[in-house]
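Please treat every number below as a calculation from the coordinates, not as lab data. The structure presented is a predicted model; accordingly, all values stated were derived computationally and were not measured. Positions of Cβ are generated from backbone atoms using ideal geometry, with glycine treated the same way; all protein chains shown enter the neighbour counts.
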Ligand SMILES: [Zn+2]
């Protein structure tokens, strides 16, 4: 079964709440942080409903989930206290990950700050050696994430990941989390040459190292070095490429995890698009959402085609305008999805639907007409 899901919350009743949230989106996998990603406060694992969560996961057929390490961990830091905190806290996170019964913890390799990439790679490898030496009683692998290359972060190229692995003694415990937004932003052309990118990864790191895939569209063009996620189909990568990633033979069996932003005009009532994204990528939209939903997608296709709006062109043109025309951006900073939502709302198209429901349908419209043909 395709393992696909999103980042979900591990607060309240821990693994039980996370599993319930994931099932609301129709997920067959999910990813959690064991606590706030930006600090080191953690509740004891005894209070995280692990048995109840595992039981529910089993009932729902969720075989594999993923933990993400907090971003405050920087194994690339030359500052002694930052580095030592990174080592000891990552070890604690690995023990927690082991207790949950999870095989891979995703880690941003680190940033070299005031030093240079070579220093960063050596320091991160030194840190990983130290970390792995202290957690031999666990069977958790560290999945180094491919990074976009913003600031001084390491992992922007497949070579950097390979160089780290080369220097780590127990590197059989190092895997990779491939993030679609990050590799696109780092300059790997997955839109026009996904096979070539995966072949390149295979040559330099090895496809068998990939243990997790993060699915995100990107608010920036390829090679921008930025790292800003967009809902699937609403960014520069597009639905088709991300669907090809999910169904690529070379990535079969891996958990695919969405980290797409929640959307909505008011920050307080924003909602995730995961349920629509998952159904679209899995290919069971009609089963999940029903015939009314499919009819409404058809309505969207005729509504926008009457105005000569092509979904892919609209998304790319809007991002290009926002990127290249500062004056136009100042006058109207709305991103593609918000502009589309406003058009639908102004036309009074689906007055019976909530903002979230309309956005779900827009996400499905962005996935293209093929969706209606297949249904
Ligand atoms: Zn990440």
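Note on the chain: GNM, Cα springs under 10 Å; of 359, 192, 324, the largest mean-square fluctuation is that of 324. Length, then width, then depth: along the principal axes, the Cα atoms of the stretch 203-357 run 50, 42, 33 Å. Spin-label model, residue 133/residue 58: points 7 Å from Cα along the beta carbon direction are separated by 3.9 nm. Going out from 0 in 10 Å bins, what whole percent of all Cα-Cα distances in the stretch 285-374 drops into each bin? It works out to 16, 47, 29, 8, 1, in whole percents.
What FRET efficiency, computed as 1/(1 + (r/R0)^6) with R0 = 30 Å and r the Cβ-Cβ distance, is obtained for residue 309 and residue 71, rounded to the nearest 0.05?
0.20
Extension gain for the segment residue 12 to residue 47, taken as residue separation times 0.36 nm less the Cα-Cα distance, is 11.7 nm to one decimal.
Panel values: the chain, Kirkwood radius from alpha carbon pairs, Stokes-Einstein at 20 °C and 1.002 mPa s, translational diffusion coefficient 100 µm²/s.
For residue 252 and residue 370, the FRET efficiency from 1/(1 + (r/R0)^6), where r spans their Cβ atoms and R0 equals 22 Å, is about 0.50. The residue 332 and residue 357 beta-carbon pair, evaluated with R₀ = 25 Å, returns a calculated FRET efficiency of approximately 0.50.
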